[in-house]
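Working notes for the structure below.
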Amino acid sequence: QVELVESGGGLVQAGGSLRLSCAISNFGTYGMGWFRQAPGKEREFVAAITWAGLDIYYADSVKGRFTTFRDNFKNTVFLQMNSLKPEDTAVYYCAAAKDPQLRRWVSQDAYDYWGQGTQVTVSS
């Protein structure tokens, strides 16, 4: 069983930055994704990165502001969030897929393991 633990969430003013971390309990060639769920809304795709880090994908709403990267030696994936907006307020989840190439990177069904989520609140 793979456990994912997110950290780094918090309260920040609009225009500020946060860096989320996702620690992966087991070594493996996992493709990793980030999703978020705002109150009253469905969970949505944010970003994804293949195991080798050669392919990275972003939702249009965060492109140019968010960056995901990984350190496979430390089994950790990061989501750097800059120029945050109030509409970025949500619970952020990391997810791991057994497919290292993330052939269905935008689909929640492609991911096999999920973290517990971390709250990000952006004040205006």
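The values are calculated or read from the model by the stated rules, or taken from the named source; none is laboratory data. Predicted model, so just to flag it, every value in this text is computed and none were measured. So basically every Cβ, Gly included, is an ideal-geometry build from the backbone, and we count neighbours across all protein chains shown. These area figures cover heavy atoms from the full protein model, side chains too; ligands, DNA and RNA do not enter into them. Shrake-Rupley method; radii C 1.70, N 1.55, O 1.52, S 1.80 Å.
Among T76, T50, T68, which one moves the most in a GNM of the chain with springs linking Cα atoms closer than 10 Å?
Per the Cα network of the chain with a 10 Å cutoff, T76 tops the list.
Tell me the net charge near M81. Cut-off is 11 Å between Cβ atoms, M81 excluded, with +1 for each Lys or Arg and -1 for each Asp or Glu.
My count for the surroundings of M81 gives +3.
Pick from G31, G53, G16: which is most flexible by mean-square fluctuation in a GNM of the chain where alpha carbon atoms under 10 Å apart are linked?
Looking only at G31, G53, G16, the largest GNM fluctuation is found for G16.
Convert each backbone phi in region 97-102 into a coupling constant with the Karplus relation 6.51 cos²θ - 1.76 cosθ + 1.60 (shift: θ = phi - 60°), then list the ³J(HN,Hα) values in order as whole Hz, x for Gly and Pro.
10, 5, 7, x, 8, 6
Ordering F66, F27, F78 by how much accessible area each has at a 1.4 Å probe, largest first, what is the list?
Correct descending sequence by accessible area is F27, F78, F66.
For the chain, what is the accessible area per residue in Å², given a 1.4 Å probe and the full set of protein chains?
With the other protein chains kept in place, the chain gives 52 Å² per residue.
Run the reach check for K74 against lysines, Cα to Cα strictly under 28 Å, same-chain hits fewer than 8 apart removed. What comes back?
K63, K98
Taking K and R as +1 and D and E as -1, what net charge do the other residues with C-beta under 10 Å from the C-beta of G117 add up to?
Its environment carries a net charge of +1.
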